[in-house]
Each structure stands twice: as structure tokens, then as C-alpha cells.
Amino acid sequence: MSDRLLGLVKGRPARILLLALLLCLPPFYLDAFWLRIGLFSMAAAIGAVGLSLLSGTAGQLSLGHAFFLAVGAYGYSYLAGEPGPGLPPVLAAVCAVLLAGAAGGLFSPVAGRVKGMYLGIATLALVFLGHHVLLTWDSVTGGFNGRSVPPLELGGFTFDASGSELVVLGVPFGAEERLWFLGLALFAFTWFTAGGLLRGRPGRALAALRDSETAAAVMGVDVARHRSAAFVVSSMYAGLGGVLLALAFRRVVPDYFSLALSIDYLAMIVIGGLGSVAGATAGAVFVTALPLLMTRYADQLPLVTAPGSGEGSVGPTEAARYLYGAAIVLVLLYAPDGLHGLARRIRARLRRRRPPAPDRDPAPSSPSPSPSPSQPAAAAPTKEHTP
């Protein structure tokens, strides 16, 4: 019985359940700063998973990921806010994700016929075009000042502190605490859908397409259609990440969705590991949390000054970019498959070093040798006579 319970604890469903329980604990113990880091990391992980499917699995370079994040963020803010249609927030979020997918679908004919560096340059135009639209379409985007983001409401429960006061286990639940569980739900949805996609036929077709287009075409893979589909799916994941990002920021501005954001997402998937959901998540947490942590602890770090300290100084944002730029170089030199591949190799090495477990069933014992004359034989037990 104990062996069976031990096997259940070591199983994959049990590990997933344990991880889910651990991820539910931070709102009860951490302050708002750490919860914001977690929210921004989850939003970035959702978008990074989409880019990893496109660049890591399908082998398509994209520099326009920030554009689709902006479509999701501004789409939700406009559809659920005023001025705007004033749709129910949940419906507005779904429509924003579909709008990002539609934008990717409009560009998918280009993605289906262009590859490599040429696709990267073509998607680069989306960032500049989108930034121009965000600055000039004042009635929808609010122009340079951006626009506020209405809170999400589901079944009368508002993911914001403006509603009724909520206390859970003696802990007051504000906006960050409530959004934490929404972010976990969206991230879990992204994790399982993307993992299922990679393990299924579409994922195998995209991997074959990445390795060799000629071999994939010979095996019956429609090259243009799968490229286009990968671009649309990646755009929808970016739109979902943009919605969560807007809810976490509570205000969206055009300058955030610039080329630098697209470069950040490329850094996430390279550092974490191309074509891996777990690797994209690890890279997103690293790239997102690093500048925020350096901003908070700038006065305690050498060669880093607080924001606005003066010219010629290295701020926390610039220092963070230098650090994960160095991390990219180290990954390319020593771990080309990223943090996920490095962790996989470490686990394999630890398994090889682990001593083999003893067999549960003892081996059949060999017949015991007869006692030598010099050794007295043990006295045989006498049989008890029954009356």
C-alpha cells in the first residue's frame, strides 16, 4: 500500500497538482510588488509560448510580436471600455484574442510564402505601422496618453479592488491578489493547449517543416498552410498575453509596444529554449523579472543607479538589458537548447549517477552447502506429537 501511494506521489498528475497548489500560495504571503512581477511574468509567458511555437517549432522568424500584443491589449480596452462598444468584459477579452488572430490571418499569406530573415523584416513593418496607428487613432487608442483598462468581471466577481472588499483566510484580496488567480488560469490554459499542439500531428508537421521543407512536403505537409496556421495561432496567444498585460498594467500606452518589446520576446525564447513551452516560460520569467528587481534594488547594486539619477549613469533597465544580452551569448555558446535543455541534461546526469534501486523480489537463493565436518550441524526441530 505504501509503495502504491509513493508511486502516486511521484506520478506526473500528482506533480502537476502539487505545483498548482504551490502557485496558489503567493497571494497569501507576498506583497503587491512580488505579485505584480508574477502577473507580468505570466502575461509574458503566454506571449512567449506563442512566439516559441512560431519561431522555435515552425522555424519562422518574427519581429512583430509586439504588434499582436498591442492588438490584444487595446482591443480589450476599447471593446470593454468607454468610449467603445461597452461589451461585457469576458466577451471583450475573447473578441480581443480573436481580433489578434484575425490580424495574424491578414498577414498569414505573407508568412506562408516568406521565411527566414525576409519574414523578420516583413513583420518588422507591423511594429512601426502599429505604433503609428496607436499614436494617431485617438478615438480608439487615446493617442500618446493611451487609455485606461476596464477591470474584468466574471459572474459578478470583479478582478479589481474597486468592488466589494474581499477577505480570504484573513488576507485582504486586492487587485493583484484577484488577478493572480486569473493569470494562473490563463497560463494553465496556454500551457496545456500549447503542449497538446506540440505533441499532436500539427506539432510534428511544424517540426518537420522546420527541419526540412522538402522532406515535409514529400511526407504530405502543406507548407504554406501550416506556416500560415502557425502565424495565426502565435498571434492569438500574443493577443491573450496582451489582454492579461493590460489588466495588470490598468493603463496601456503606445510606447510600451515598441520594437524593444519584440526583441525582449525573442530573448525570452532563446534563453529559455526554442520550441519548448517550459523553456519559453523560464525565459519570460527571467527577462521580465530582472529589470523590475534591479529597479527595486538599484541602490544596493554596484554600477547601477536609480532611475533619473543623471546622465552618464547606467539605469536598472539598461543594466538588465546588458545582463540578458550576456545571457543570450552564454546560452548560444554553452547551452544552444536554452535553460530547458540544460535542465534536461542535468536531470539525465543525476539519473545516471543515482544508484540502481534494489529488486523488490529477492533472487532465488542457491542451495545452502552442506555443513562441513568441522562445523556442527544445527539440531533439527523435534515434531510435536498430537494426542
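The values are calculated or read from the model by the stated rules, or taken from the named source; none is laboratory data. As the structure is a prediction and not an experimental result, all values here were calculated from the model. So basically every Cβ, Gly included, is an ideal-geometry build from the backbone, and we count neighbours across all protein chains shown. Areas reflect the complete protein model, heavy atoms only, side chains present, ligands, DNA and RNA absent. Shrake-Rupley method; radii C 1.70, N 1.55, O 1.52, S 1.80 Å.
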Protection-proxy order for peptides 269-280, 185-196, each taking the mean of Cβ atoms within 10 Å per residue, highest first: 269-280, 185-196
Long-range Cα-Cα pairs in region 226-291 (distance over 13 Å), rounded percent: 71
Heavy-atom SASA rank of PHE28, PHE40, PHE68 (probe 1.4 Å, accessible area, largest first): PHE28, PHE40, PHE68
Read-out P(r) over Cα pairs in 10 Å bins from 0, in percent, derived from the coordinates shown; its label in (1) 5, 19, 27, 23, 12, 4, 3, 3, 3, 2, 0, 0; (2) 5, 22, 29, 21, 13, 7, 2, 0; (3) 5, 24, 33, 25, 11, 3, 0: (1)
Angle in degrees between helix 65-80 and the longest Cα principal axis of the chain, rounded to the nearest 10: 70
Packing rank of 146-152, 71-77, 348-354, where each peptide gets the mean count of other beta carbons within 10 Å, highest leading: 71-77, 146-152, 348-354
By average C-beta atoms within 10 angstrom, highest first, the peptides 256-267, 211-222, 227-238, 47-58: 47-58, 227-238, 256-267, 211-222
Reciprocal of mean inverse Cα separation for region 100-248 (Kirkwood radius, Å): 18.5
Per residue, in Å², the accessible surface of region 67-143 once ligands and nucleic acids are set aside, probe 1.4 Å: 46
Nearest 10 degrees, 0 to 90: helix 223-249 Cα axis against the chain principal axis: 80
The chain, helix-only ellipticity at 222 nm - DSSP H runs n ≥ 4, -39,500 (n - 2.57), divided by all residues, nearest 500: -21000 deg cm²/dmol
Accessible area of the chain belonging to carbon and sulfur atoms, whole % at 1.4 Å probe: 66
Contact order normalised by residue count of the chain, Cα under 8 Å, 6+ apart, percent: 26
Accessible surface, region 174-309, averaged per residue in Å² (probe 1.4 Å): 43
